[in-house]
Structure formats: C-alpha cells, structure tokens
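Down below is the structure, laid out as structure tokens.
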Amino acid sequence: MKFKTELHAHTSQVSRCAHICGEELVDIYEKAGYSTVVITDHMSKRTFPKVKKRKWDEHIYDYLIGYNAAKKAAEGRINVLLGMEICFYENDNDYLVYGVDEKFLRRYPNMMEMGINKFCDIARRSGLIVVQAHPFRNHMTVIRPCVTDGIEVYNAHPEHDSRNDVAAMWAEKYGYKIRTSGSDFHEAHHGARGGIITDFEIKDNETLLKALRGDFGLIKSDTVKTE
C-alpha cells in the first residue's frame, strides 16, 4: 500500500495569499486520497507586517490558527502536521521547514531576522529539515549550494513558473539528497497536485523526517505552468 503526503499547503486563516480555510483543505485532501498534509503557512513580513510591534507569543498564537483548525477538522480522517514556509528579511526567498513544533516556534522570537545561514544552523541542531521552496521562481535568489538540506524540485502551483526542470538539474548537479514536491496549495484547484509517496503512513513529525531522509516517490501534476 502507498501513502500520499502533501508537503506544501497554506490556509486562509494565516496566509494572506490563500483562499481556503483549514477545514475545507482537509476535505479536499481526504477526497483526493492523501493520508497526510503538512500545513506550511507563511512566516513572513507580508503575512505578519506588524510582528515587531507585538509580543512574539501573540504572533505564534495567530500563526497556529490555520493549523489548529485543520487538525481539529481532520481528527480520525487524515493526519495534519505542522510545518512552516519562512521568508527572512534578507531577501524574498522562501524556505519550507519540516519537523517544527510549537515549542520551537516560541523559542526563537523574531526568527525572520536571522537569515538562512543562522536559521539552518539552529534548525539542524534541533533535528529539523529545511528545504528551499521553488528556488528558480521569479524574485528568488540563488543561494550557496547545500546551505539548506534540500530543495523543492517540483512546485505544482499553476499560476507561477517555478522552473521545475532547472530546480531538478540544480539538485542533481550539487548532490542534494532531499528533493521534494508540493502543491503550493492556496486555492481549491491547487489541491492534490504535488507531494510525496511512501510505503508507510506519515503520522507525526518523527515519521515525516524519517521519510524525507529516506526513499520516497514524487507526486507530479502534468498541468503546471511552464511559461
């Protein structure tokens, strides 16, 4: 038996660019036959422009609203895990973080100020995995190879040209062992277009990290924008 896991999904409760709430997201992925969804809402100045004027714990409370809504709706149906798509103040790059939990989020106030190098050092010490999202989309900056643990070689967002073929070649050239796929879910028609396939069900962060460090198949839609 094969199990499908979404690695890149946003909720409207948190990500301003998303238009589907956590509860509806669960319905879409359950119907599509996925066993697990990782909620990777945006941790960015665009999502939280006034973060420096608030207490960090208040900021994190708001950040978890979409995830908590999806998790509650998914109880007994599919697995919902907490992830993150973070954008640092240094540029417009986006990075997907796996294995993250509420304790980690609260431990590092104003983490968007860190920059990718410092953040990756902390993430690795915490046992997390950091993957650069859609690294060759417009406005992204190419970073030094292997700063992150992996890169998203297939982004299925139909309204963006993520140049997945270039990302795949870059991953091959520089020997990235972790190469992921994600739907980049924002709208109903974005759902169930990407992710990974495993021989075992991913029920928690420990299993997710094990899967990403091991062998898995990529889910790829055949209708991604290419120009």
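The values are calculated or read from the model by the stated rules, or taken from the named source; none is laboratory data. Here the structure is a predicted model, which is why all the values come from computation and not from measurement. Cβ: placed from backbone, ideal geometry, glycine included. Neighbour counts: every protein chain shown. Each accessible area value is taken on the protein alone, full model and side chains, heavy atoms only, with ligands, DNA and RNA left out. Shrake-Rupley method; radii C 1.70, N 1.55, O 1.52, S 1.80 Å.
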Residue among GLU201, GLU187, GLU172 that is farther than 18 Å from VAL100 by Cβ, among the acidic types (Asp, Glu) and in contact with a His (Cβ under 9 Å, 6 or more places away or on another chain) = GLU187
Looking at GLY150, is it touching a strand residue (DSSP E or B) at 6+ places or on another chain (Cβ under 6 Å), open to solvent by less than 60 Å² (accessible area, probe 1.4 Å) and under 19 Å from ILE78 (Cβ atoms)?
-> no
Any idea which of (1) assigned to a strand (DSSP E or B); (2) open to solvent by less than 20 Å² (accessible area, probe 1.4 Å) is the one LYS4 doesn't satisfy?
-> (2)
Within the bounds of region 7-20, is there any residue that is more than 15 Å from the chain's Cα centre (by Cα) and open to solvent by less than 20 Å² (accessible area, probe 1.4 Å)?
-> yes
In region 189-202, which residue that is without any contact (Cβ under 8 Å) to a residue 40 or more places away in the chain and crowded, with 21+ Cβ neighbours inside 10 Å is farthest from HIS10 (Cα to Cα)?
-> ARG193
Out of ALA69, ALA74, which single residue is among the small types (Gly, Ala, Ser), open to solvent by 10 Å² or more (accessible area, probe 1.4 Å) and either over 17 Å from the mean Cα position of the chain (by Cα) or more than 17 Å from ALA133 (Cα to Cα) (or both)?
-> ALA69
Residues (within 16 Å of THR141 (Cα to Cα) and either of a type in the set (Asp, Glu) or open to solvent by 50 Å² or more (accessible area, probe 1.4 Å) (or both)) located in region 167-176 | TRP170
For the subset of region 12-26 comprising residues that are assigned to a loop (DSSP other than H, G, I, E, B) and among the aliphatic types (A, V, I, L, M), which member is modelled with the lowest pLDDT?
-> ALA18
The one condition ARG46 fails out of (1) farther than 18 Å from ILE151 by Cα; (2) open to solvent by less than 10 Å² (accessible area, probe 1.4 Å) is (2)
Yes or no: HIS186 in contact (Cβ under 8 Å) with a residue 40 or more places away in the chain, of a type outside the set (A, V, I, L, M, F, W, C) and open to solvent by 40 Å² or more (accessible area, probe 1.4 Å)?
-> no
